[in-house]
Amino acid sequence: MSKYRLLAMFDGFDPAIDTINAIKAEKLAGVSVDDITVMSPIEHPDIDEILGDRPVNIQKFTFLGALFGVTFGFFFLSSAQASFLVQPQGGKPVIPFPSNFVLMYEMLIFFGVWTTVFAFLWMSGLFRKRGTLYSEKLTVDQVGIVVEVEEHQLENTRAFFNDHNALEIREEKA
Amino acid sequence: MAQVIQDKIIDENLKWSQINQDVIRSMQAPGKAYWITFAVCVAMFLTAVAAEIYQYKVGMGAAGLNNPHMWDMYIATFVFWIGMSHAGTLLSAILHIIHAQWRKPIYRFAEAMTTFSLMTAGFFPMIHLGRVWNLYWVLPYVSDRGIWPNFRSPLVWDAFAISTYLSASALFLVIGMIPDLAILRDHTKGWRKKFYGILALGWRGDDRQWRNFRKTYMLMACFLIPLAISVHSIVSSDFAMSIMPGWHVTTFPPYFVAGALYSGCAAIMTLFICLRYFFHMEEYMTKNIMEKTTKLTFAIAMVWTYLNLIEFASTWYGHNIYDKEVLISKATGPYAVVFWTMIICGSVVPFTLCFQKLRRHMPTMFVVSLLLQLGMYVERWMIVAPTLSQAHQPHQWDVLWAPVVQWAIVFGSFGWFALLFLVFVKLFPSVSMYEVKELTFHLQHEAEEEKWLADQEKHATPEGAREKPVTGRPGLEGA
């Protein structure tokens with residue numbers, strides 16, 4: 001049996017939130033709240049609350065990136081400074097820690113920022129190939145709910161969305 | 001009621017489609033005034049290029065730079081542009097973290113300003129260097145070239161700090177623009193549709209993307225704040241870590257940071273008024289937002305004034321004869337006119353910001369913002385020139401007024417900055433559409449809540465008899 005993806009468009013957040021609540025209350029057979037994707041022109045914290053715990057892990061990458069930055073900074077600078085041994089040091093250390101700390105701090109931020117950006121691009125699935133289910137009205141003022149259902153549930157799902165005042169329903173084969 | 005309307009940041013009844021249309025309209029075919037300004041900026045920039053070529057051929061003597069005046073307007077301008085870049089960080093990152101809603105319509109161009117002023121600042125160490133072709137010597141890669149970069153020197157720290165700041169602030173600008181680029185992709189035609197389609201990176205605004213977006217934006221803001229402070233502290237170390245009279249001051253790092261925020265805020269005021277009038281953004285760049293910006297500017301101006309006084313006092317009571325002589329010379333010597341211009345523009349003119357009528361009068365604010373920037377520019381020059389004019393060796397005492405080559409390059413840098421900004425406002429949205437939508441949504445729900453509370457009081461119904469309306473709070477980023 002083939003699967004279909006449906007995009008139901010709503011006029012603002014209130015009807016969309018009502019619809020998600022109804023799905024949560026198991027009023028749409030075969031679809032749970034975990035299967036829902038909500039598309040909206042702005043971020044709405046209530047949506048996050050209703051959809052439940054969907055963790056974001058970018059900060060872990062940020063931490064690793066920053067850690068790498070500070071370590072790399074130290075070894076990068078030290079390896080450059082180590083080649084200064086041929087130079088008379090005049091009693092000064094070959095690897096000066098106080099000034100290296102300043103530069104390691106900059107490296108920490110540099111790598112922290114870049115890792116955060118790469119993690120964002122990866123984890124938000126920006127480059128991922130997706131279906132054609134999309135509407136330009138989603139960047140104006142409408143809110144979309146995407147669900148994936150079996151072919152035999154199509155009629156039911158359409159009716160469910162229509163009952164919840166969907167402005168438009170689009171579908172594609174998954 | 002009139003007071004409530006006056007206190008609104010923007011009109012919450014703005015239609016979201018209207019917001020899209022207004023911003024896209026501001027990016028469409030430029031008018032005559034735009035092209036004239038563009039031509040002037042190109043001319044300024046080309047003048048600087050010509051001056052630099054001349055300086056390259058003749059040597060740094062053409063700019064009047066020699067011992068003891070090895071630094072002059074180039075370094076002062078470098079510090080000025082670095083300072084200007086702090087505006088974006090302040091408005092975007094700091095105000096984002098503390099959830100100041102009023103920043104939303106104006107932070108985008110401030111972020112762009114950050115990136116462009118860093119791109120402008122970056123030129124000056126190269127120009128000042130003289131031997132531009134040896135610039136790569138500052139890079140600390142492990143080498144067998146017999147070059148030993150001095151890692152104890154703040155000049156090397158500058159290279160690290162500024163390149164980190166430039167890349168981080170450019171990323172902050174680009175990442176923050178992605179949802180807006182998706183709007184442009186969906187609502188423009190022709191080459192623009194393709195262009196924004198690529199830049200939007202496939203943004204669809206689904207819940208996963210929004211969650212990750214908010215977290216990323218917050219994390220980057222958290223990085224940018226200490227970064228900005230470190231950058232200007234390091235720039236101040238260029239001076240403070242030397243033993244030159246007037247430079248070896250412990251308050252220099254906070255003094256530089258305050259000065260940077262100050263000039264950045266003044267620049268935001270100028271650009272705010274330009275965008276408001278030339279791009280008809282009156283509905284987004286409201287007088288209330290201007291008021292908040294001016295209040296912030298005033299607060300920073302007072303911090304800067306205080307740090308100035310502290311510096312004067314510690315020099316005066318420190319009884320270091322050389323430091324004291326430089327201070328006296330600043331106020332009474334050949335550079336006295338510049339010094340008092342700095343004091344008047346930097347510490348006296350800001351008091352105009354105390355008056356509400358003036359704060360809401362845009363032509364006055366435009367003039368004030370330019371005066372503040374003039375004050376902050378000459379402040380940077382007053383740091384550099386007097387110390388070099390009157391250092392430890394009396395036989396070296398000298399007065400330098402910058403030759404035309406320096407002036408041409410400095411003016412050209414303003415042309416370059418304006419050029420970048422002019423291109424930006426026509427290619428990218430200078431107002432963040434999605435954040436303005438969040439703001440209106442938030443304000444609408446606040447108004448509903450207030451109305452509900454007023455209704456409750458009026459009817460004095462038993463508690464719990466009425467259901468409180470659901471109030472979403474977008475914009476209170478929960479990352």
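Only the coordinates and a few stated rules stand behind these numbers; no lab work does. Everything quoted here is computed from the prediction, not taken from an experiment. Please note: Cβ atoms are built from the backbone with ideal geometry, for glycine as well, and neighbour counts cover all protein chains shown.
Of note:
- Per-residue shielding of A:55-65, expressed as the average number of other chain Cβ atoms within 10 Å of the residue Cβ, stands at 3.
- Using R0 = 56 Å, the C-beta based FRET efficiency linking A:Arg128 and A:Val94 works out to 0.70.
- Nearest-0.05 FRET efficiency for B:Trp397 and A:Ser2, computed from C-beta distance (R0 56 Å): 0.05
- Loop-located chymotrypsin sites (Phe, Trp or Tyr not before Pro) across segment B:399-448 with a Cβ neighbour count of 15 or fewer within 10 Å are B:Trp401, with loop assigned by DSSP.
- Computed [θ] at 222 nm, helices only, for chain B once each DSSP H run of length n ≥ 4 contributes -39500 (n - 2.57): -22500 deg cm²/dmol
- Taking 17 Å as the straight-line reach from the Cα of B:Lys330, the aspartates and glutamates in range (excluding those fewer than 8 positions away in the same chain) are B:Asp72, B:Glu311, B:Glu379, B:Asp398.
- Across B:Lys8/B:Lys357; A:Lys24/B:Lys15; B:Lys287/B:Lys437; A:Lys27/B:Lys451; B:Lys292/B:Lys426; B:Lys193/B:Lys292, pairs whose alpha-carbon gap is larger than 24 Å: A:Lys24/B:Lys15; A:Lys27/B:Lys451; B:Lys292/B:Lys426; B:Lys193/B:Lys292
- Averaged over the residues of B:18-31, the number of partner chain Cβ atoms lying within 10 Å of the residue Cβ comes to 1.
- For segment A:58-123, relative contact order (Cα pairs under 8 Å, six or more residues apart, normalised by length) works out to 61 percent.
- Local electrostatic count at B:Val399 - Lys and Arg +1, Asp and Glu -1, tallied over other residues with Cβ under 13 Å: -1
- Label-to-label distance for A:Phe75 and B:Phe414 is 4.9 nm, based on points extended 7 Å past Cα in the beta-carbon direction.
- Peptide B:217-226, shielding by other chains (average Cβ, 10 Å cutoff): 4
- Residues A:Phe75, A:Phe110, B:Phe428 arranged by fewest to most Cβ contacts within 10 Å: A:Phe75, B:Phe428, A:Phe110
- Segments A:29-36, B:168-175 sorted - mean Cβ within 10 Å per residue, highest first: B:168-175, A:29-36
- With a cut-off of 12 Å between beta carbons, the residues surrounding A:Asn21 carry a summed charge of -3, where Lys and Arg count +1 and Asp and Glu -1.
- Cβ crowding within 10 Å averaged over residues, with B:98-110, A:14-26 ranked highest first: B:98-110, A:14-26
- Burial ordering of B:Thr440, B:Thr332, fewest other beta-carbon atoms within 10 Å first: B:Thr332, B:Thr440
- Ranked for footprinting exposure by Cβ neighbours inside 10 Å, fewest first, B:Arg214, B:Arg276 give B:Arg214, B:Arg276.
- Straight Cα distances below 20 angstrom link B:Lys32 to the aspartates and glutamates B:Asp22, with same-chain residues fewer than 8 positions distant left out.
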